[in-house]
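Enquirer: Structure in structure tokens, see below.
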Amino acid sequence: MGQHQPSRRSRMQCSTAVRNRWVTVSLGILLAASVVGLTLMSSWVNSGAPDGFVRPFASSIWLATLSAYFAVDALVHIWHGRSAWLCCGAAVEPWIYIVLLGVVLCSMLGYALAQRWGAFAWTWVFSLVLAVSLYWVKGTNGDRHTQYKALANDDGPYTSGDIRGDSINANDSDDVLLGKRGQSGRTRKCCECSMKRVATWIRGTVRVFAIFFTVALLGGAVLEAQGYSRYLPQGKFVTITHASGLSQTVLAQCVTPPGYVPNSHPTFWSEVGGLGHSMSDLWGLRDELVNTYGVRYCSYDMPGSGWSEESAKQEYFLGEQVSLTEKVMEEMGEEGPFVMMGSMDSAYDRALNFALFHEEKVVAVVPVALLLNEFQVWRDFHGKGDDAMITYASTVLQGRALIGNLITFFAVNWGLIGAYRPPSPTYVPHDKAAESLFLNVLNEKQWTTNVAHIMQQLDEPDLGLNEPPSFGATAMQLNTSIPILIFGLGRNASQLASDCRAQSLAIDSAGCRLNSFTYNKTLAYNQLIQSYSNASKLFMCAEECAETSKAFLVNQDQNIKWFTQTLMAELKIPPRESKK
């Protein structure tokens, strides 16, 4: 007697079991990686990751979440027979997996072009989940279809399993066979009660959202890929190493005018922002100083802004302000002397701190929009104590962090932010407006840095609000022979009232009165700084800046001419065409 040969049905069942085990192990590994990565990244969102790096980009969190979801969804359908609750809802169609896989691969290319390597790595995990799931779905559909054909030819009507109660014939078409399988007794029994129909609806709704989120992420990947591919970095990349041992790559630029005579004038060194503002904010100022006055101009993108590497945890560079400026200068081979300019965020603190420790290299310090802490001003205006100030500040900062996270996770990662933030019509130079907008607003790195700074402040004891204004304390120690040339936005009563109306504030409202109080208190603070040295001066842009709404814009856009003329006249540096 011949050896018993297993039936075709038995062979197919064995093949299906092997594939199911292989797919289960693969998806299990990918699911574990996604869950571990998502857990770690979620814990770092507000506190920052180890080794000094700031929170992960939101795109990585999105991709890890979607990878975990689709892995779970596929595993549920592989083993759905073990629970009637789980089998409610059809498996994802193969064509949907194919489309999603194409979308994720396009996103992968976009993240690579934008050099977003964290998101790039997670697209690999996500694409593997989709590929393994697609392999299982297509293989399973093929096995079942072949099995039904075999049963029709060999065994006649099948009386048990997925097709109980259906009569299968050899002459049935493919669609009829698959249709009978879809009307199986198990499917009917699975979702026959109302609660299970609710479960089916919930699973279907979640899947629709997951598919939508996957496609939406392509918009953000395209937005950043387009920006980082279209706009090339201006300057050269240098590597700085912090005292902690952490190294970062920073984009720095020094522009020398044609025919420049070395050491004929001091180098104008511009410290810019640090919380998302890049040196592109002041390209108009750079061009005016270089082309009109023939001086050298240097600046750099702070870590976490522009083209510089992702920001380290804020304490690594905000606590090493002088060191950061020194290291960039050293890598650029710049020795001075310098006119140290500082504009936006904490930039003027870095400029002044450098001057304090390197007085022999500094000709003047030029802070723009020297402001007081808004929460300390709020406390003084309302006559509150420190505890009330800290409570109020905490509420405001948490709200700003929430808004920043929402913008990061949705508006930026879905590419929507470009739709409602067109380039500024007043930006100078106008042909660089779109590029500056991308570097300062339309990328995830900027928003990540901004929110990280807010969270860092929330982690500080008393939010760091019990400290006196740092610029004033440092200015008192500076050699009085070094002038501090302060530039601010001047306002009279009529202009202050106009500013209130622009903010939809009633003239007699508390908000409008707080604006006036803030302006007068800030002006008094600027005048105090000026009084520390006879060489220092205060310049308020009033009539010339009547259309300007923010103090930090007094050296930007249409105000560049006024700012450079005032500054260069004080430094006795005439325009190039006036030189003899």
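Enquirer: Just to confirm, what accessible area per residue do you get for the range 333-398 at 1.4 Å probe, in whole Å²? Numbers along the way, then the final one.
Expert: Details: 2560 Å² over 66 residues.
Heavy-atom SASA per residue in the range 333-398 reads 39 Å².
Enquirer: P(r) tail for the range 356-422, what percent of Cα pairs lie past 17 Å?
Expert: Considering the range 356-422, 67 percent of its Cα-Cα pairs are separated by more than 17 Å.
Enquirer: Multiply the residue gap between LEU246 and LEU528 by 0.36 nm, knock off their C-alpha separation, and tell me the result in nm, one decimal place.
Expert: Full-extension gain reported as 97.7 nm.
Enquirer: Something else: Given 0.36 nm per residue, what is the gain on full extension from TRP95 to SER264 after removing their alpha carbon distance, in nm?
Expert: On the way: separation 169, 0.36 × 169 = 60.84 nm, distance 6.90 nm.
Stretched fully, the TRP95-SER264 segment lengthens by 53.9 nm.
Enquirer: Related question: Using 0.36 nm times the number of residues separating ALA510 and LYS561, minus their current alpha carbon distance, what extension gain do you get?
Expert: 14.8 nm
Enquirer: What are the ³J(HN,Hα) values, in whole Hz, obtained from phi via the Karplus relation 6.51 cos²θ - 1.76 cosθ + 1.60 with θ = phi - 60°, for each residue of the range 400-417 in sequence order, with x given for Gly and Pro?
Expert: 5, 5, 4, 4, x, 5, 4, 5, 5, 6, 10, 4, 7, 5, 9, x, 7, 5
Enquirer: Quick one: grab Rg to one decimal and Dmax as a whole number for the range 315-456, Cα atoms only, in Å.
Expert: Radius of gyration, then largest Cα-Cα span, for the range 315-456: 18.7, 50 Å.
Enquirer: Also, I was wondering about something else. Could you pull out the pairs from LYS432/LYS550; LYS432/LYS537; LYS361/LYS572 whose alpha carbons sit more than 30 Å apart here? Please report the intermediate quantities before stating the final value.
Expert: Working: LYS432/LYS550 21 Å; LYS432/LYS537 33 Å; LYS361/LYS572 18 Å.
Pairs exceeding 30 Å: LYS432/LYS537.
Enquirer: Where does the range 480-580 land on the Kirkwood hydrodynamic radius, alpha-carbon pairs, in angstrom?
Expert: Numbers: mean 1/r = 0.0658 Å⁻¹.
Here the Kirkwood hydrodynamic radius works out to 15.2 Å.
The values are calculated or read from the model by the stated rules, or taken from the named source; none is laboratory data. Please read these numbers as outputs of a predicted model, since none were measured by experiment. For accessibility, only protein heavy atoms count, side chains too; no ligands or nucleic acids. Shrake-Rupley method; radii C 1.70, N 1.55, O 1.52, S 1.80 Å.
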